[in-house]
Amino acid sequence: MWETFSPEVRAALIASEMKSIDTNTSKSSLTRSGSNTPTILSRSSSEALFEQNSSIDSSKDNEIEVKHEKCPVSGAAVTLTPLERAPQNVFAFTKTHFSEKSEVTKTSTATVTTTTKVVSTSRGWRNIFSLPISYDVNMVAHGTLFDPINSQLLDATGVHPEGYNTRFAVVDVEVDKRYGEQIRNYFACKGIELTICVIKGGEADKRPKAVDYILDELCAYKLRRREPFLAIGGGCVLDIAGMAACLYRRGVPFVRVPTTLLAIVDASVGVKNGVDFCCCVTNETYKNRVGSFYAPSSCLLDPAFIASQDKRNISNGFGEILKLALVRSPDLFDLLEAHGKTLIESRFEDATLRQAGVSSRIIDLSIQIMLEELGPNLWETKLDRCVDYGHTFSKLLEMVPGADIMHGEAVNVDGFFCVILSYLRGYIDLDTVNRIFTCMKSLSLPTSSNDLNLELAWQSCKDAIEHRHGEQRIPLITEIGESICVSDVTEEELERALVLMGKFDH
């Protein structure tokens with residue numbers, strides 16, 4: 001620390017110290033001018049004096065600013081001194097912890113209490129770095145993403161030196177069958193040689209070996225460290241590719257191109273990536289147990305992809321959209337009530353609804369709500385999250401061996417179960433329950449599952465406590481568009497909800 005001071009500051013400190021020693025030679029400590037706080041000279045007296053007078057020195061020439069704080073864990077007093085070469089990021093610290101220990105001794109004539117005050121200190125360094133996160137979620141003009149006239153896809157792959165004419169893309173096998181020729185032709189028209197890594201995009205394929213396969217292909221391609229690669233497919237493909245991007249060279253940029261309604265409004269918007277993990281110890285498979293928070297460099301959303309899906313897959317996407325409506329937006333719920341069925345039947349191609357802007361409004365609202373909820377809490381430091389609605393019981397539903405249920409469908413079954421829990425708690429009335437049930441059925445979403453029994457429901461609550469750091473934090477609606485998180489759901493409550501749920505005409 002002493003070496004970091006300028007000669008003028010060193011001289012001033014020495015002069016001040018010597019003057020104080022001359023006038024207080026009988027004392028074992030120095031008292032700074034204008035203060036009643038002693039500084040014990042257990043270390044270099046110059047260093048100690050500097051720390052006591054940091055406020056004075058920081059105002060002098062504004063060279064250094066010492067910060068003081070209290071450790072939230074131990075209660076220790078922490079002094080942070082910025083280092084000269086990195087004053088915004090690296091700090092030398094001292095931690096001083098004060099404690100008392102009392103010992104009671106009883107004799108035949110008295111009780112003696114001895115209190116020992118203990119002062120312990122430690123030192124080290126703190127590194128602070130705020131990771132800048134910024135990525136654009138771009139709406140692409142309907143059906144133009146693979147049109148060579150549109151440069152958005154090529155632009156998203158970054159700026160490269162002249163003559164660098166190769167690119168890399170991870171593509172869902174079904175997408176490659178339908179759009180592979182268009183994708184290759186797009187880059188060929190740009191004079192770019194495209195390397196495509198084709199992977200399966202089902203939930204059963206969302207495993208670490210899929211990530212390994214992409215990493216092998218990236219090594220063979222020799223992807224540059226700042227070169228974005230494309231991930232084109234549904235949510236599973238985007239999750240797998242994002243995980244590979246996070247790991248390769250400790251992080252390379254990647255571009256999300258979602259090709260399903262579910263991926264457009266869900267997987268493409270946030271920063272989570274991951275795979276399901278089969279544990280060799282428990283011999284169980286855990287959904288999204290291994291993953292990362294890693295943002296894409298950008299996202300390209302072309303709603304024309306929705307028309308290539310069958311009705312079940314489109315309905316599956318509405319499972320996530322309806323979730324957002326229930327916890328955040330009565331307006332979005334009204335749109336789903338009025339037009340959801342028509343959009344499914346027409347695969348979002350109904351001319352009247354497109355001209356009226358209904359289909360784009362539903363997608364826009366869904367994306368904006370997700371971004372508003374995720375944006376301030378990207379790393380999920382706050383675990384009470386309304387967007388976890390429908391994600392408490394659905395995880396285990398999806399992992400039941402042989403279960404024929406898609407993600408959005410499982411979310412909706414979970415969501416309706418939570419609607420029943422809300423009703424039993426008096427948060428909503430029966431008319432609201434029936435209105436939600438009718439909307440769910442109009443969207444061709446399942447509202448029950450034979451696999452949702454008391455054992456699975458209670459185990460889901462236990463898993464939620466583990467995943468959400470000691471509390472259930474189950475989102476429940478209090479009205480359409482409003483929700484709270486609760487952590488006191490009991491096994492008996494779940495049983496009552498299952499009984500009532502069984503009385504509906506699913």
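Straight-line reach from residue 209: which aspartates and glutamates have Cα under 14 Å away, leaving out those fewer than 8 places along the same chain?
217, 239, 276
Treating the beta-carbon of each Lys and Arg as +1 and of each Asp and Glu as -1, no other charges, what is the dipole magnitude of the stretch 302-344 about its Cα centre, to the nearest 20 debye? Don't skip to the answer; put the middle values down first.
Working: 5 positive and 6 negative charges, 33 e Å.
My answer is approximately 160 debye.
List the aspartates and glutamates whose Cα sits under 12 Å from the Cα of residue 323, skipping any in the same chain fewer than 8 residues away.
Filter leaves 266, 388, 409, 414, 482.
With θ set to phi - 60° and the Karplus curve 6.51 cos²θ - 1.76 cosθ + 1.60, what are the ³J(HN,Hα) couplings of the stretch 432-438 in order, to the nearest whole Hz, using x for Gly and Pro?
Once θ is set to phi - 60°, the couplings for the stretch 432-438 become 5, 4, 5, 5, 5, 4, 5 Hz.
Relative to a virtual label point 7 Å from the Cα of residue 133 in the Cα→beta-carbon direction, which members of the stretch 269-295 show backbone nitrogen distances below 16 Å?
Once the point is set 7 Å along Cα→Cβ of residue 133, 269-274, 291-295 turn out to lie under 16 Å by backbone N, inside the stretch 269-295.
Can you tell me the orientation of helix 235-247 relative to the chain, as the angle in degrees between its alpha-carbon axis and the longest Cα principal axis, to the nearest 10?
That works out to roughly 30 degrees.
Provide the solvent-accessible area of residue 484, counting protein heavy atoms only and rolling a 1.4 Å probe, rounded to the nearest 10 Å².
Residue 484 exposes around 70 Å² with every protein chain in place.
Which of the chymotrypsin sites (Phe, Trp or Tyr not before Pro) found in the stretch 360-407 are loop residues per DSSP with 12 or fewer other Cβ atoms within 10 Å of their Cβ? Mind dumping the intermediate values first?
Numbers: sites: 379, 389, 393; in loops: 379, 389, 393.
Qualifying residues, ordered by number: 379.
What nm value, rounded to one decimal, do you get for the distance between residue 67 and residue 424 when each label is placed 7 Å out toward the C-beta?
Result: 4.8 nm between the two label points.
Between residue 278 and residue 377, take the C-beta separation as r, use R0 = 22 Å, and let me know the FRET efficiency to the nearest 0.05.
Values: r = 30 Å, r/R0 = 1.34.
My answer for the efficiency is 0.15.
Under the 0.36 nm per residue contour assumption, what length would be gained going from the current alpha-carbon distance of residue 499 and residue 403 to full extension?
Gain on stretching residue 499 to residue 403: 32.4 nm.
Loop only per DSSP, at most 15 neighbouring Cβ atoms within 10 Å: give me the trypsin sites (Lys or Arg not before Pro) in the stretch 342-405, ordered by residue number. Spell out each step's value before the answer.
Numbers: sites: 347, 354, 361, 382, 385, 395; in loops: 347, 382, 385.
Those that pass, being in a loop and sparsely packed, are 382.
For the stretch 393-398, take each phi angle, set θ = phi - 60°, evaluate the Karplus expression 6.51 cos²θ - 1.76 cosθ + 1.60, and give the result in whole Hz per residue in order, putting x for glycine and proline.
9, 5, 4, 6, 4, 5
Using Cα atoms only, what is the angle between the long axis of helix 491-501 and the major principal axis of the chain, expressed in degrees (0 to 90) to the nearest 10?
20
How charged is the neighbourhood of residue 424? Take every other residue with its Cβ under 10 Å from the Cβ of residue 424, and add Lys/Arg as +1 and Asp/Glu as -1. Show your work: numbers first, answer last.
Details: positive: 425, 496; negative: 493.
Computed value for this residue: +1.
Can you give me the three principal axis dimensions of the stretch 377-439 from its C-alpha atoms, in Å, biggest first?
Taking max minus min along each principal axis of the Cα atoms, the stretch 377-439 gives 34, 33, 19 Å.
Could you pull the Cα extents of the chain along its three principal axes, largest to smallest, in whole Å?
Rounded to whole Å, the extents work out to 93, 76, 48 Å.
What ratio of Cα Rg to 2.2 N^0.38 Å holds for the stretch 170-237? Intermediate results must be reported in sequence, preceding the final value.
On the way: Rg = 12.5 Å, N = 68, 2.2 N^0.38 = 10.9 Å.
With N residues counted in the stretch 170-237, Rg over 2.2 N^0.38 Å equals 1.14.
With the alpha-carbon atoms as the only input, what is the per residue convex hull volume for the stretch 444-506 in Å³? The partial results should precede the final answer.
Numbers: hull volume 7.4 nm³, N = 63.
Considering the Cα atoms of the stretch 444-506, their hull volume per residue is 118 Å³.
Just need the relative contact order of the stretch 53-172 here, percent rounded to a whole number, with Cα pairs under 8 Å and 6+ apart. List each step's numbers first, then the result.
Details: 134 pairs, mean separation 17.3, N = 120.
Worked out over the stretch 53-172, it gives 14 percent.
In Å², and per residue, what accessible area does the stretch 352-506 have when probed at 1.4 Å with the other protein chains present?
Details: 7110 Å² over 155 residues.
Normalised by residue count, the accessible surface of the stretch 352-506 is 46 Å².
When only C-alpha pairs under 8 Å and at least 6 residues apart count, what is the relative contact order of the chain, in percent?
Values: 797 pairs, mean separation 45.4, N = 506.
For the chain, the relative contact order is 9 percent.
For a quick size check, give me the Cα extents of the stretch 200-349 along its three principal axes, largest first, whole Å.
Between the extreme Cα coordinates on each principal axis of the stretch 200-349 lie 50, 39, 27 Å.
Amide H of residue 90: which non-local residues (sequence gap of 5 or more, or other chain) have their own amide H closer than 5 Å, using H built in the peptide plane?
HN-HN under 5 Å from residue 90: 83, 128.
List, in the order given, every pair from 70/272; 177/206; 311/503; 206/395; 177/311; 95/117 whose Cα-Cα distance in the structure shown is over 22 Å.
Numbers: 70/272 33 Å; 177/206 20 Å; 311/503 27 Å; 206/395 14 Å; 177/311 19 Å; 95/117 16 Å.
The answer is 70/272; 311/503.
Convex hull over the Cα atoms of the stretch 136-208, averaged projected area in nm²? Numbers along the way, then the final one.
On the way: hull surface 25.0 nm².
Result: a mean projected hull area of 6.2 nm².
Please give the calculated 222 nm ellipticity per residue for the chain, where each DSSP H segment of at least 4 residues contributes -39500 (n - 2.57) and the sum is spread over every residue; nearest 500 deg cm²/dmol? Let's see the in-between values first.
On the way: 16 runs with 199 residues, N = 506.
Counting only the DSSP helices, I get -12500 deg cm²/dmol.
Using 0.36 nm times the number of residues separating residue 293 and residue 224, minus their current alpha carbon distance, what extension gain do you get? The partial results should precede the final answer.
Working: separation 69, 0.36 × 69 = 24.84 nm, distance 2.15 nm.
That works out to 22.7 nm of additional length.
Cα atoms only: what Rg and Dmax, in Å, come out for the stretch 82-236?
30.1, 101
Find the all-direction average of the projected area of the Cα convex hull for the stretch 274-354, expressing the result in square nanometres with one decimal place. Working shown, then result.
Working: hull surface 32.8 nm².
Orientation-averaged projected area of the Cα hull: 8.2 nm².
Starting from the Cα-Cα distance between residue 173 and residue 96, subtract it from 0.36 nm times their residue separation and give me the gain in nm to one decimal.
Going from the current span to full extension adds 21.8 nm.
For the stretch 351-506, take the alpha-carbon Rg, divide it by the Kirkwood Rh, and send me Rg/Rh.
Details: Rg = 16.1 Å, Rh = 16.6 Å.
That ratio is 0.97, to two decimals.
Are there GluC sites (Glu not before Pro) in the stretch 62-146 that DSSP puts in a loop and that have at most 16 other Cβ atoms within 10 Å, and which ones? Let's see the in-between values first.
Numbers: sites: 63, 65, 69, 84, 100, 103; in loops: 63, 65, 84.
Taking the stretch 62-146 and a limit of 16 other Cβ atoms within 10 Å, the loop GluC sites (Glu not before Pro) found are 63, 65, 84.
Find the centroid of the Cα atoms in the stretch 357-407 and in the stretch 128-157, then give the distance between the two in whole Å.
If we compute the Cα centre of each part, the gap is 22 Å.
Quick check: pseudo-label points 7 Å beyond the Cα along Cα→Cβ at residue 182 and residue 123, how many nm apart are they?
The two pseudo-label positions are separated by 6.6 nm.
Probe 1.4 Å, all protein chains in place: accessible area of residue 109 in Å², nearest 10?
Here the accessible area works out near 130 Å².
The values are calculated or read from the model by the stated rules, or taken from the named source; none is laboratory data. No experiment lies behind these values; they were computed from the predicted model shown. Every residue, glycine among them, receives a Cβ derived from its backbone with ideal geometry; neighbour counts consider all protein chains shown. For accessibility, only protein heavy atoms count, side chains too; no ligands or nucleic acids. Shrake-Rupley method; radii C 1.70, N 1.55, O 1.52, S 1.80 Å.
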